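Below: one structure, written as structure tokens.
Throughout, read-outs are computed from the coordinates displayed, never taken from laboratory work. Quick caveat: nothing in here was measured; it's all calculated off a predicted structure. A quick note on method: Cβ atoms are made from the backbone with ideal geometry, for glycine too, and the neighbour counts reach across all protein chains shown.
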Amino acid sequence: MKVAIVEDEKNAQEALKKMLQLTAPQLQVDGVFSNISTAKAYLNKHKIDLLFLDIQLEDGTGFDLLNQLEAQEFALIFTTAYDAYAIKAFKFSAIDYLLKPIDPSELQHAIERAHKAKNPTITPVESNKAEQKIVLKTTDQRYVLAIKDIFYLEADGSYTIFHTQSEKIMVSKNLKYYEDLLQEYDFVRSHNSYLVSKYHIKALKTNTLILSNGSEVPVSHRKRKLFNQ
């Protein structure tokens with residue numbers, strides 16, 4: 001596989017190249033770029049199989065670069081120090097979203113997925129929002145959840161609890177943060193402490209919503225009219 005790396009920190013460039021040599025010597029690194037202009041010029045003229053892309057670059061963001069590229073097909077792996085861009089990253093059909101410092105085992109798994117990917121592309125997937133994903137980072141683990149698998153979010157002070165069919169995941173960001181991220185995916189506030197997926201609403205009772213998994217979530221008096229509508 002032919003590989004390109006777009007990363008604006010010299011140390012991070014060298015670290016990733018060394019990790020690739022150790023974990024995936026079959027890869028061929030054809031180009032390393034630190035900014036959008038040089039990366040764009042190369043990627044619009046050369047065919048590659050896999051792109052490692054940082055989000056914060058010298059002259060913009062990795063998303064800016066993707067939006068400026070001509071039609072190309074390659075597997076895309078984001079590398080970044082920030083987890084706040086995960087939803088947007090997966091809208092570009094990313095194979096994976098690796099947080100720095102990069103874990104060698106996670107890098108290897110991402111490369112394996114890139115090998116298996118069929119017809120990888122950077123075209124944004126807007127037609128089916130339910131297939132989008134979100135990355136949640138706890139103190140000891142990183143979760144990648146499909147948006148459609150989230151029933152509701154619950155505030156717990158400055159923390160937020162994600163409720164899925166099989167588990168509860170607590171993360172150290174407040175509910176407002178996730179409300180801003182998820183509002184375009186049909187999540188709405190039913191109460192000061194609850195954010196609910198419209199996709200999973202089954203029924204409306206006097207003061208609660210009944211969800212498709214049987215959960216009951218409170219509805220505030222001023223929100224009831226909205227849900228009736």
Quick calc, the chain, dipole around Cα centre from Cβ unit charges on Lys, Arg (+) and Asp, Glu (-), nearest 20 debye, gives 920 debye
Between E73 and Q229, the FRET efficiency computed from the C-beta separation at R0 = 41 Å comes out, to the nearest 0.05, as 0.40
Here region 185-199 yields Karplus 3J(HN,Hα) values (6.51, -1.76, 1.60; θ = phi - 60°; whole Hz; Gly and Pro given as x) of 9, 6, 9, 9, 6, 9, 6, 4, 10, 9, 10, 10, 7, 4, 4
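Rounded to the nearest 20 debye, what is the charge dipole size of region 129-228 about its Cα centre when +1 sits on each Lys and Arg Cβ and -1 on each Asp and Glu Cβ?
Details: 16 positive and 11 negative charges, 76 e Å.
Value, rounded to 20: 360 debye.
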So, with points 7 Å from each Cα along the Cβ direction, the K198-K10 label distance in nm works out to 5.1 nm
Candidate cut points under trypsin sites (Lys or Arg not before Pro) in region 1-108, DSSP loop plus at most 10 other Cβ atoms within 10 Å of their own Cβ, are K45, K47
Here the FRET efficiency for L22 versus K47, based on Cβ atoms and R0 = 30 Å and rounded to 0.05, is 0.70
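Rounded to the nearest 5, what % of DSSP beta bridges with both residues in region 1-110 are antiparallel? List each step's numbers first, then the result.
Working: 2 of 20 bridges.
Here the share of antiparallel DSSP bridges comes out near 10 percent.
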Heads up, region 2-116 by the C-alpha gyration tensor (a ≥ b ≥ c square roots of eigenvalues; a/c under 1.5 rounded, else a/b over b/c prolate, else oblate) looks rounded
If amide H atoms are modeled at 1.01 Å from N in the peptide plane, then the residues at a separation of 5 or more from Y194, or on another chain, having amide H under 5 Å from its own are A155
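Okay, helix-only estimate at 222 nm for the chain: each DSSP H run of n ≥ 4 adds -39500 (n - 2.57), divide by all residues, round to 500 deg cm²/dmol; what do you get?
Values: 7 runs with 64 residues, N = 229.
Only helices count here, giving -8000 deg cm²/dmol.
Cross-link list K100/K133; K202/K225; K173/K225; K91/K137; K10/K45; K91/K148: which exceed 26 angstrom alpha carbon to alpha carbon?
On the way: K100/K133 19 Å; K202/K225 16 Å; K173/K225 29 Å; K91/K137 19 Å; K10/K45 24 Å; K91/K148 14 Å.
Pairs exceeding the cut-off: K173/K225.
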